[in-house]
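Student: Below you'll find the structure I mean.
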Amino acid sequence: MKNELEKEFGQLFFNRELNDVEREKRIVEIESYLIGQGGLIMAASCPEGILLVGANSQDEKSIFQVYHRIALLGRGRAKDCNEIHRLALSVAYGTGIALSKADISVADIVKAISEELDSNFSYLRGRRGPYKADFMVLELGFSPEEDFLSMLTFCGESSFKEQLRRSRLGIIEVPVIHGVLTTKKQLIKDKEGKVVKDEKGQIKTQDVPCLVKKFSRPVSAGIFALLDDIAAGGGLVESIREIALFAGLMIHLLDERGGNLEMAYLDREMLKKTKSEERRFHHIWQIVTNPNPNKPTNPWQDWKKFVAPAYKKAKEGKISPKLKILIDFYEIVEKELDSNQRNLFKEMELQKIYSANSDFVMNLFESEFKKEDGDNK
């Protein structure tokens, strides 16, 4: 008992590193918090620039400008996102003052953020407590090959995946928890609590219903499942509007928690004007949703206006056939939501769609394309 008290007393003054069990416990606590918050962030690179997307059910800010062509995307607790944004600004402007604007490095910013996240996650008592947020840091290059994208978890680790290098797209989405009704085997016992056996002496069991948790990332699954097919249409990888259309449709159809949509892009054509050694800083940030903060608008209406040219091309079948099917499905959902039975549909039909997640959309596509293949034959 004395040793335990001494141990606890010593920990009050000694900020030791967490052991494996404590780290795992902290991970579970933070992930549980983030699941309750919801939301996703996404960045996609193409010849026109980099699209920035944030969808947060808490109506909190997801997209932050750090310095000219360097951006920060964060999802999670607003306080933590703002704190990391201030850190990124401090690193950028500190370098600009001490050296020059041309010496501001996105790699230095990522390193500073990673060290801050790790420090506050890995020890018993960090300076501010563990952060409850995930982040992306990116920089627009003069060509897509020069674009930089790094994804950082709340424990300071990088989650830069192989698929990002292939598709030049990164997405962090908090999983959705679904209760799935299934069955499990249970021993059959008699009134005295003894296990019942059959005539051959084998233990008898019965199937009993049980509810299990199922984790899914519906928007991510839908996007990566369809990305190659959509891009194969010829125009998606060339146009910011077409990427914005694809991302917005998937979020609208598959993100059951809804919330605030943020969308902006970094304009590569404007950046290319800065070719001198001193690099004049042209305005490259283009805001898609709520372009005038002094006059708030509906983000989804802003999105529809921005993607209208791509929407028309897709409807006419000039881009990807699957993108057209996605739009047709979106219009069906919108029509039902605008009907007199909006609330009933919202509660009953949309829940079916969301529960099926990307499988619902994928099955729709598969049936349509089997029909098309049959027609072509």
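Student: Give the number of residues within segment 159-200 that are assigned to a strand (DSSP E or B), at pLDDT 75 or above and under 30 Å from Ser62 (Cβ atoms).
Tutor: 6
Student: Could you run through segment 254-274 and say how many residues are surrounded by fewer than 23 Cβ atoms within 10 Å (Cβ to Cβ) and assigned to a helix (DSSP H, G or I)?
Tutor: Adding up the residues that qualify gives 3.
Student: Go through (1) at pLDDT 85 or above; (2) within 27 Å of Gly141 (Cα to Cα); (3) of a type outside the set (Gly, Ala, Ser) one by one and return the number of the condition Lys275 breaks.
Tutor: (1) is the only condition that Lys275 fails.
Student: What about Ser45, is it touching a residue at least 60 places away in the same chain (Cβ under 8 Å) and under 28 Å from Arg23 (Cβ atoms)?
Tutor: Numbers: touching a residue at least 60 places away in the same chain (Cβ under 8 Å): yes; under 28 Å from Arg23 (Cβ atoms): no.
No.
Student: So for segment 48-67 (the condition being out of contact with any helix residue (DSSP H, G or I) (no Cβ under 8 Å at 6 or more places or on another chain), among the β-branched types (Val, Ile, Thr) and modelled with pLDDT under 90), does at least one residue qualify?
Tutor: Looking through segment 48-67, none of the residues is out of contact with any helix residue (DSSP H, G or I) (no Cβ under 8 Å at 6 or more places or on another chain), among the β-branched types (Val, Ile, Thr) and modelled with pLDDT under 90.
Student: Oh, and also: Working only within segment 3-47, note down all residues that are modelled with pLDDT under 80, charged (D, E, K, R) and in a helix (DSSP H, G or I). Let's see the steps before the verdict.
Tutor: Our first condition is that a residue be modelled with pLDDT under 80; within segment 3-47, this holds for 3-16.
The next check asks that each one be charged (D, E, K, R); those that pass are 4, 6-8, 16.
If the condition is that a residue be modelled with pLDDT under 80, charged (D, E, K, R) and in a helix (DSSP H, G or I), then Glu4, Glu6, Lys7, Glu8 are the ones that fit.
Student: Another one. For residues that are farther than 18 Å from Ile243 by Cα and surrounded by 15 or more Cβ atoms within 10 Å (Cβ to Cβ), scanning just segment 304-348, find the one that is modelled with the highest pLDDT.
Tutor: Among them, the one singled out is Val333.
Student: Then there's this: Would you be able to tell me the number of residues in segment 55-65 that are under 18 Å from Pro293 (Cβ atoms) and part of a strand (DSSP E or B)?
Tutor: So the count comes out to 4.
Student: Tally up the residues in segment 112-140 that are at pLDDT 90 or above and either surrounded by fewer than 14 Cβ atoms within 10 Å (Cβ to Cβ) or among the small types (Gly, Ala, Ser) (or both), please.
Tutor: Residues that pass the stated criteria total 4.
Student: Go through segment 142-158 residue by residue and tally those that are modelled with pLDDT of 85 or more and surrounded by fewer than 17 Cβ atoms within 10 Å (Cβ to Cβ).
Tutor: Summing the residues that are modelled with pLDDT of 85 or more and surrounded by fewer than 17 Cβ atoms within 10 Å (Cβ to Cβ) in segment 142-158 gives 5.
The values are calculated or read from the model by the stated rules, or taken from the named source; none is laboratory data. Note that the structure is a prediction, hence the values are computed from the model and not measured. Backbone-built Cβ (ideal geometry, glycine too); neighbour counts: all protein chains shown.
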